[in-house]
Every structure is written in C-alpha cells, then in structure tokens.
1. May I ask you to say which residue of Gly141, Gly122 is of a type outside the set (A, V, I, L, M, F, W, C), within 16 Å of the ligand (Cβ to nearest atom), touching a residue at least 12 places away in the same chain (Cβ under 8 Å) and not in a strand (DSSP E or B)?
2. Just give me the residues in the stretch 75-91 being in contact with a His (Cβ under 7 Å, 6 or more places away or on another chain) and either free of Cβ contacts under 8 Å to residues at least 24 places away in the same chain or not in a helix (DSSP H, G or I) (or both), in sequence order.
3. So which residues in the stretch 92-116 are part of a helix (DSSP H, G or I), more than 30 Å from the chain's Cα centre (by Cα) and among the acidic types (Asp, Glu), if there are any at all?
4. Ala85 is checked against (1) touching a helix residue (DSSP H, G or I) at 6+ places or on another chain (Cβ under 9 Å); (2) among the small types (Gly, Ala, Ser); (3) over 29 Å from Tyr22 (Cα atoms); (4) more than 16 Å from the ligand (Cβ to nearest atom) and fails just one. What number does that condition carry?
5. Can you name the residue in the stretch 219-241 that is modelled with pLDDT under 95 and surrounded by fewer than 20 Cβ atoms within 10 Å (Cβ to Cβ) and is also farthest from Cys125 (Cα to Cα) among such residues?
6. With the checklist (1) out of contact with any Gly (no Cβ under 8 Å at 6 or more places or on another chain); (2) open to solvent by less than 20 Å² (accessible area, probe 1.4 Å); (3) within 13 Å of the ligand (Cβ to nearest atom); (4) at negative phi in hand, flag the one item Pro150 doesn't pass.
7. Of the residues Tyr110, Tyr124, Tyr186, Tyr173, which single one is aromatic (Phe, Trp, Tyr), farther than 24 Å from Leu256 by Cα and crowded, with 18+ Cβ neighbours inside 10 Å?
8. Would you tally the residues in the stretch 372-398 being over 14 Å from Gly443 (Cα atoms) and open to solvent by 50 Å² or more (accessible area, probe 1.4 Å)?
Amino acid sequence: MRFYLTTPIYYVNSTPHIGHAYTTAIGDMIVRNRQQRGQETFFLTGVDEHATKVYRVAQEQGLEPQEYADRIAVPWRELPKRLDAETDFFIRTSDEGHKRFVRDFLQRMYDNGDVYEDVYAGWYCVGCEAFKTDEELTEDGLCKDHLTKPEWIEEKNYFFRLSAYQDRLLALYDERPQFVLPGFRYNEARSFIAGGLQDFSISRAGQPWGIPLPWDESQVAYVWADALINYLSALTYAREGEDLRDVFWPVAHHLLAKDILRFHCVFWPAMLLSAGYEPPQQLFVHGYLLLDDRKISKSLGNVIEPLELIDVYGSDAVRFWIARAVSFGHDGSASVDSVRERYENELGNDLGNLLSRTTAMVARYRDGTVKRVEPDAPVDFDALREDVAGRMDDFDVTGALDVTWDAVRRLNQYVTAEAPWQLAKDEANDAKLDRVLYTLLDGLTALAVALHAYLPQSSAKILEALRQPAGFEWERVRNGGAVTAEGIGQAEPLFPRIELAATA
Ligand SMILES: [Zn+2]
C-alpha cells in the first residue's frame, strides 16, 4: 500500500499563519497514521513563489525576486518542523527541477493541441492571482475576497482548452464518486463542470518573474498552471536519482481549502489528462478554521502567529487543538482561549493525570512493577483500532480523535470505579489490584499508539514512562498488548500547568 499526500503550496507573499499550520498539521496526522499501518508514504509541502505580488514587493524593496523569495521562504520551511510535521520534501517553484518539469508538462499540453493563442481582456486580482468575472466582483467593482480594485488587463495569452474536457471530467466524476471528499464538495465541483467550462489563460505576458513557456519565451506560465504541477514535478527530483512518479503517481491525495476547489478539482485533472497523466486518486476539500467568526487571513489583517502558540503550549497541544476544535472538512470557529482550555482540561486532566496516577500507584503499591495478567476490558481496543483506521481513510481526523478521546475517558471512569487506592488497603485484593494496574498500563499503552498521529511527543513519553517498547505499530492498539514492566516511577507531568494567561 502506497499513500502520497500533499498540502497546497503556500504563497510566499506573507508569513505563515494558523490557516497554513492547520492543513500541514492535519496532513501530518493522516500520514503518520498511514505509516503506523505499514503503508509506504510520501508527504509533500512547499511554497509557490511565482506570484505577481512577489515580483512587485521585491521591486519595491530593491531586491531581485529570487533573492526576496529566498529570504521569505525561511519561515515557511520552518513551519512543518515547528509543528512536528514530518514532510518528505519541501518544494519551491523556483527549483530548477520544478521549472524543467513545468516546461515539459506544458509542452505536452501544447503538442496535444489543447493550447491556443488569444487576447485576454478582463479584471485581474493580484491578491487572488485570478481573473474575475463581473459576478465575482462587488457592486463597486471590488474583489469580494480582498475588497480591492482589480486591474484591467488586456494582453495576448495562451489558453488551455478546458471546455474540451467537460465530458471526460464528468465521466471521471461519475466513475469515481469518492474522487472529491466530502460529498458536498464533490457535488459542488461536479455541478461546476456540468454548468459548462470556459477555457482559461495559462500564461502571462510582460512579466519577467515566472517560468518561460517553451514555445514562446516572451510569456511565463500563469502562476496557477505553474503551481498545480508541483504535485507531480516534486516526484521527479525529490530524491536524487529516483523517479518517484513510478511509486506515488497516481496514488496522490491532495488536501486543500475550499477557496481553491476549482483549480484543484476541475482545472488540475483536466491539465493532467491533457498532458497524458492519470488524475490524482482523491482530493479532500476542507473548510476554514475560523477565529472569532472571521477567517484567519493576512488580507483581512487578522493574523495569529501559530509559532507563538507552539512556543507556549508545545506542538502536541497545538496539533491536538487543531484536530479537535473544529470538525475537519467543515468551517468552524475556535478561540485562542480554547487552546488553553483543551490543554488544561483534556490533555492535562484526562490524559496527563491518568498517566501520573497510574505510574504513582504502580510505584507505591507494586514497587514499580506491573506483571502481565489477563486484563479487564473497559475499552474494546480491537474495535477502536478498526474504527480509527476507517475514519482516517475517510479524512475524518476529528472523528477519529473524538472516539479515541472517549476511550481515554472510559479508562478514567474505570480507575474511579475500581478505586485501586481502596484495593491496596487489603492484601486479600492483591490479585484484583494486579489486574486493575495492568489494565491501566495496557490501556495507556494502546492509547499512546492510537494517539501517536496527534501527539507524537507525548505518545513517546507515555511508552517510556510505562517501560513499554518504543514503536507505534498499529497492531499495538489492542487489549493485552502491554508487556510486564519494571522500574516504573511516577511520571513527570505530560502537560505541566502554564501560568501564561494570554498568548495573542
Ligand atoms: Zn482577490
């Protein structure tokens, strides 16, 4: 089994904000879970550097665009590491390997007869990097997303004959009802296609920043035509001497936010068909993580610096909040305060205290040793293992965490109900106390493995504190998998109290 996951490549005309952290962190959870289940994975992220805005800002600052892009790419490259996201490659669209591949790809579309020359006249929003129809503008003629006046552009362009792909795209959607998830996004994309497709410009004239077209070097590739191709180009040069297209195409899964649905779910598969490639396997379109009911976005001047949250609470806590605060796939709102609430109430109390209590009781009542005995089953971990795997395959990252957290709470209820501190008072209860302590050790071991994709650091600490072997193989989510352990002492708090009240 092979699994290739991509985040969108992010515009470098701003610094990373929580919206980017959102997609990258969720992607990492999905990939880690696939790895736990023994799949061969590849996780790609990166930056989109050929935006008009990059060129303009560089000019304003008196820099070469490449020099400007090199500087601003630094915090983007750091973002996955800060989130503890294990990406396999960080692509930059100014990479030589990418540029070479884009030229080849566009030439294949051209050779296939799908590209023609025409004059384009219309409104262009530099913020969106897209032409705007009258319906996409406000009554005052402003871009609805940016509330800025678009520029009137009239120039010779090369157009991709998207209209010729309407029937093939509809056939693709009908053959593959899971091509786009969730279902309501599939319907949105399909009805857009069924409503009739217009050819779109794939080049820009008079702009030196970008990838020159192989058949007309006076034009550069339109930034979206350039950017989308990254999902394929990266596979050709990410590993020296290897062509990963043989391994990871077309088993590609693209994560994207809903504002770029058409580019990904309509234009991209058509471009692939034109260039002679298979469409990707699946696209998952997620909503926005809203903060105080507003989209967290640079252009609205409402930025949360995700790295600040990580500095205060740690990457595990921010990942946990990202997965749990809003049901992945839908829009939802969350506040910065809710990071603290979840840190204290759920991570600290539900999970952290469970580990502290368990290890403290083992140290106190059994001198640090827990023998493997037949456990009770307050949680059916076989069922949980199947449930979580199925949900992760459906990109239900939030639902998978919810059912896992229910198990954390059931284990807490088990401790309360069995009251080992009472059992310890009478040696007649020895066998029962052994069973309760092993059940807790075993449950926490299974939970550490089940939570690994969300809490990579804490899950490793739990196994260590319980003196269980390292490793997060998915089969370890089961009842009775924990081994006899010696030398357990009371664990350090997993999520120590943080006195800082505000982070913003
Ligand atoms: Zn715009």
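The values are calculated or read from the model by the stated rules, or taken from the named source; none is laboratory data. This structure is a prediction, so every number in the text was calculated from the model and none was measured. For neighbour counting, all protein chains shown are included, and Cβ atoms are generated from backbone atoms with ideal geometry for every residue, glycine included. Keep in mind that these areas ignore ligands, DNA and RNA; they rest on the heavy atoms of the full protein, side chains included. Shrake-Rupley method; radii C 1.70, N 1.55, O 1.52, S 1.80 Å.
1. Numbers: Gly122 fails: not in a strand (DSSP E or B).
Answer to the selection: Gly141.
2. Ile91 - this is the single residue of the stretch 75-91 that is in contact with a His (Cβ under 7 Å, 6 or more places away or on another chain) and either free of Cβ contacts under 8 Å to residues at least 24 places away in the same chain or not in a helix (DSSP H, G or I) (or both).
3. The answer is Asp111, and nothing else.
4. So the condition that Ala85 fails would be (3).
5. Across the stretch 219-241, the extreme among qualifying residues is Gly241.
6. All conditions are met except number (1).
7. Working: Tyr124 fails: farther than 24 Å from Leu256 by Cα; Tyr186 fails: farther than 24 Å from Leu256 by Cα; Tyr173 fails: farther than 24 Å from Leu256 by Cα.
From the options Tyr110, Tyr124, Tyr186, Tyr173, the qualifying one is Tyr110.
8. The first filter runs over the stretch 372-398 and keeps only residues over 14 Å from Gly443 (Cα atoms), leaving 386-398.
Pick out the ones that are also open to solvent by 50 Å² or more (accessible area, probe 1.4 Å) and you get 386-387, 391, 393-394.
Number of matching residues: 5.
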